[in-house]
1. Here is a list: K158, K110, K82. Which entry is farther than 17 Å from G207 by Cβ, among the charged types (D, E, K, R) and touching a Leu at 6+ places or on another chain (Cβ under 6 Å)?
2. Somewhere in the stretch 167-176, is a residue under 15 Å from the mean Cα position of the chain (by Cα), farther than 18 Å from I7 by Cβ, within 16 Å of the ligand (Cβ to nearest atom) and of a type in the set (S, T, N, Q)?
3. Limited to the stretch 142-175, what total is found for residues that are at pLDDT 95 or above and acidic (D, E)?
4. Considering only residues of the stretch 119-148 that are more than 17 Å from the chain's Cα centre (by Cα) and not in a helix (DSSP H, G or I), which is nearest to S79 (Cα to Cα)?
5. Exactly one condition in (1) farther than 30 Å from A116 by Cβ; (2) crowded, with 22+ Cβ neighbours inside 10 Å; (3) more than 15 Å from the chain's Cα centre (by Cα) is not met by L191; state its number.
6. Checking S209 against (1) surrounded by 15 or more Cβ atoms within 10 Å (Cβ to Cβ); (2) over 16 Å from the mean Cα position of the chain (by Cα), which test does it fail?
7. Can you run down the residue pairs with Cβ atoms below 9 Å, 6 or more apart or on separate chains, where the first is in the stretch 11-33 and surrounded by fewer than 17 Cβ atoms within 10 Å (Cβ to Cβ) and the partner is modelled with pLDDT under 95 and not aliphatic (A, V, I, L, M)?
8. Could you look through the stretch 225-239, keep only residues that are buried (at least 23 other Cβ atoms within 10 Å of the Cβ) and aliphatic (A, V, I, L, M), and pick out the one that is farthest from the ligand (Cβ to nearest atom)?
Amino acid sequence: MSNRPYIVGNWKMHGTRAMLAEARAIDRAAERLLKVEVALAPPFTLIHATRKEAELIAIGAQDVHPADGGAHTGDVSASMVKDAGASFTIVGHSERRADHKETNALVKEKAEAALAAGMSVIVCVGETEEERDAGKAEAVVARQLTGSLPTGDDVAEKVTVAYEPVWAIGTGRTPTVEDVGAMHRHIREKLESIYGEAGASVRILYGGSVKPENAAELLAADEVGGALVGGASLTAESFLGIIIAAAEGEKD
Ligand code: 13P
């Protein structure tokens, strides 16, 4: 597992071929910022075209179905996105948990399907505002980790966790650096209890209103190994601001 900060753009349901120029610009700039590992997760429809544009950055999917194929109209499997050029997938994003009623058990099945197809996974967790206000944030995240993370031998090195508090997504609000550090330390403990020693090197990304202006301080918080970026990954200009902040935070 690389120690470089991992900065991943999640384009969500945004993007037509007109946006390939942004992907190309991000990829070209990433060549000059090799201290950072950069990845983009465009919608399914752009995976293949983005893979062809990009020489350096990893391309991933935003979701996969747990089955490898079959009668599942409208769904897409891990082996299909891999064939289109994806090397990783996001699973368990809070928008999917909310919009599609995805449970921890389903997220785990999806993660295991991605691993079986030879991909790596980013498993998302995070509490709602009510859960944080009720003092339940750590318990909720612990339950999500136990229920959603894939298990098995040599799995940890293929797994990244993204902590995305639901109330910080697309709102411009972020937790304090102290709160981010506290939650990431809690996630690290859980990872070590689930994966043993291998849990110490699983990367933990922060996601939720990361922007060029706040990236440096969020990336410097305890146990933060990168960022999962929504809105600010949609243009090369703002995404590069975050990638540069990550590169500047790295010692030579
Ligand atoms: P924003 O960066 O737009 O808040 O989205 C975060 C996110 O959900 C990334 O997966």
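The values are calculated or read from the model by the stated rules, or taken from the named source; none is laboratory data. Remember, predicted model here, so these are calculated numbers, not experimental data. Reconstructed Cβ throughout: ideal geometry from the backbone, glycine too, with neighbour counts over all protein chains shown.
1. Numbers: K110 fails: touching a Leu at 6+ places or on another chain (Cβ under 6 Å); K82 fails: touching a Leu at 6+ places or on another chain (Cβ under 6 Å).
Step by step, each of K158, K110, K82 is checked, and only K158 is farther than 17 Å from G207 by Cβ, among the charged types (D, E, K, R) and touching a Leu at 6+ places or on another chain (Cβ under 6 Å).
2. Scanning the stretch 167-176, I find no residue that is under 15 Å from the mean Cα position of the chain (by Cα), farther than 18 Å from I7 by Cβ, within 16 Å of the ligand (Cβ to nearest atom) and of a type in the set (S, T, N, Q), so the answer is no.
3. The qualifying residues number 2.
4. Taking the stretch 119-148 and keeping what is more than 17 Å from the chain's Cα centre (by Cα), we get 128-140, 142-143, 146-147.
Right, trim to not in a helix (DSSP H, G or I) and you get 128, 134-136.
Numbers: T128: 32, A134: 41, G135: 40, K136: 37 Å.
Across the stretch 119-148, the extreme among qualifying residues is T128.
5. (1)
6. (2)
7. Sorted first by the residue in the stretch 11-33, then by its partner, the pairs are A21/E53; R24/E53; R28/E55; E31/E55.
8. Only one residue fits best here, namely A227.
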